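Have a look at the structure below before the remarks.
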Amino acid sequence: MATPPSETPGHGRAAAAPGAGAVDPLHEPLRLGALALDRRLFMAPMAGITGLAFRRSVRRWGAGLAFTEMISAYGVHYRNRRTLDYLACGPDEHPLGFQLFGADASVLADAAARCVAAGADLVDLNMACPMRKVVKTGAGAALLGDPDGAAAIVAAVVGAVEGRVPVTVKIRSGLREGDEAGRRTAPRLVAAGAAAVCIHPRTASQMYRGRADHAVTFALAAELPVPVIASGDVDGRAAALALLEGGAAAVMLARHAVGHPWLFAEILCNAEPPSHEARLAEVRRFTGEAMEGMGARSVGYLRQFWPRYRRAGVLDKELAHALMLAPDAPAARALLGM
């Protein structure tokens with residue numbers, strides 16, 4: 001049964017693999033600019049999800065790189081107190097990427113410099129978010145329709161971080177079916193200084209429906225001189241390895257890891273799921289860390305996890321329902337036997 005790779009002897013080396021001396025592709029080192037990584041399985045940035053407690057949870061199970069939530073560059077630039085809270089990170093979190101969104105190159109450049117000062121090991125620019133409230137401001141996936149503006153943003157941010165950390169860009173395959181906006185814009189981003197391109201190969205109009213078209217990922221990997229990192233529908237080891245075999249340099253887990261952080265260990269170690277006791281211990285630890293870091297706000301935050309932990313087989317129907325109704329943190333802690 002899988003145990004957190006961080007607690008497994010030989011972590012960072014391949015589990016048993018065919019052929020003497022063979023290295024598991026997921027454990028091969030990868031360099032993004034000046035940042036050296038010891039494996040190729042990452043946790044994707046997810047708005048409303050990848051806060052401090054969640055990042056620590058997936059790191060315990062083997063994530064080689066984690067990201068903050070999507071952070072407003074305007075909030076950082078204008079020193080919004082709530083936004084600046086997203087920049088908090090612990091000494092045990094590295095390597096850590098900070099993801100920014102916005103449409104103004106100078107604002108993004110200033111925000112990126114502040115993220116580096118706050119401890120970012122990498123700055124990722126979101127040109128993928130399909131949500132209307134983001135796109136209508138000219139940010140997120142809307143930038144795929146403005147290649148000149150997108151390239152200018154990358155160049156400004158690369159200049160602002162002055163080589164201290166790599167700058168990457170998260171894109172979609174396009175704005176709508178058939179426009180290939182992502183594939184056409186990506187070379188411009190690389191020419192402007194992007195150290196890697198992360199792609200979620202659905203169109204913005206698809207949102208999160210349908211299947212990710214990784215033929216786009218493979219085409220982009222063959223065309224670009226920098227690493228291409230794949231995200232979308234990665235639900236197990238076979239899917240992750242297929243993406244690497246197709247040309248992706250690394251793989252990011254997203255929705256499939258929410259409520260299932262041990263998926264990292266299952267993929268990296270080619271192992272069975274951990275015991276129910278180990279999974280419940282992780283739920284309790286994650287819950288405690290979320291409550292400690294977020295206070296009363298943790299109750300609402302955690303409600304998005306209870307159904308997912310139920311689907312992962314950790315919580316039964318009655319307990320998951322009771323946790324959804326828990327009015328405060330002490331009530332939730334009592335239900336979990338904490």
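The values are calculated or read from the model by the stated rules, or taken from the named source; none is laboratory data. In this text the structure is predicted, and so the values were computed from the model without any measurement. Please note: Cβ atoms are built from the backbone with ideal geometry, for glycine as well, and neighbour counts cover all protein chains shown.
Tell me which helices (runs of 4 or more DSSP H) are completely within the stretch 195-289 and hold 2 or more residues being hydrophobic (A, V, I, L, M, F, W, C) and in contact with a Leu (Cβ under 8 Å, 6 or more places away or on another chain), or say none if there are none.
Numbers: elements: 214-223, 237-245, 263-269.
Correct list: 237-245, 263-269.
Checking each residue in the stretch 150-182 for being within 24 Å of residue 213 (Cβ to Cβ), in contact with a helix residue (DSSP H, G or I) (Cβ under 6 Å, 6 or more places away or on another chain) and basic (Lys, Arg) picks out 172, 176.
Of everything in the stretch 79-111 that's of a type in the set (Gly, Ala, Ser) and closer than 20 Å to residue 43 by Cα, which residue is nearest to the chain's Cα centre (by Cα)?
We begin by selecting, within the stretch 79-111, every residue of a type in the set (Gly, Ala, Ser); these are 88, 90, 97, 102-103, 105-106, 109, 111.
Adding the requirement that they be closer than 20 Å to residue 43 by Cα leaves 88, 90, 97.
Details: 88: 16, 90: 17, 97: 9 Å.
The residue in question is 97.
Taking the condition of a type in the set (S, T, N, Q), out of contact with any strand residue (DSSP E or B) (no Cβ under 7 Å at 6 or more places or on another chain) and modelled with pLDDT under 95, does residue 57 pass?
Working: of a type in the set (S, T, N, Q): yes; out of contact with any strand residue (DSSP E or B) (no Cβ under 7 Å at 6 or more places or on another chain): yes; modelled with pLDDT under 95: no.
So residue 57 fails the test.
The single condition among (1) crowded, with 17+ Cβ neighbours inside 10 Å; (2) of a type outside the set (A, V, I, L, M, F, W, C); (3) touching a His at 6+ places or on another chain (Cβ under 6 Å) that residue 227 does not satisfy is (3).
For the stretch 65-86, which residues satisfy the criterion of being closer than 26 Å to residue 38 by Cα and in a loop (DSSP other than H, G, I, E, B)? Those that are closer than 26 Å to residue 38 by Cα and in a loop (DSSP other than H, G, I, E, B): 65, 86. Taking the stated definitions as given, is residue 158 assigned by TED's automatic domain parsing to the domain that holds residue 102 and closer than 20 Å to residue 32 by Cα? When the stated conditions are applied, residue 158 passes them. Inside the stretch 157-181, residues that are in contact with a Lys or Arg (Cβ under 8 Å, 6 or more places away or on another chain) and closer than 24 Å to residue 74 by Cα make up a count of 1. Within the stretch 186-201, the residues that satisfy the criterion of being more than 16 Å from the chain's Cα centre (by Cα) and surrounded by 24 or more Cβ atoms within 10 Å (Cβ to Cβ) are 186, 189, 194.
Among the residues of the stretch 9-27, not a single one is modelled with pLDDT of 95 or more, in a strand (DSSP E or B) and surrounded by 14 or more Cβ atoms within 10 Å (Cβ to Cβ).
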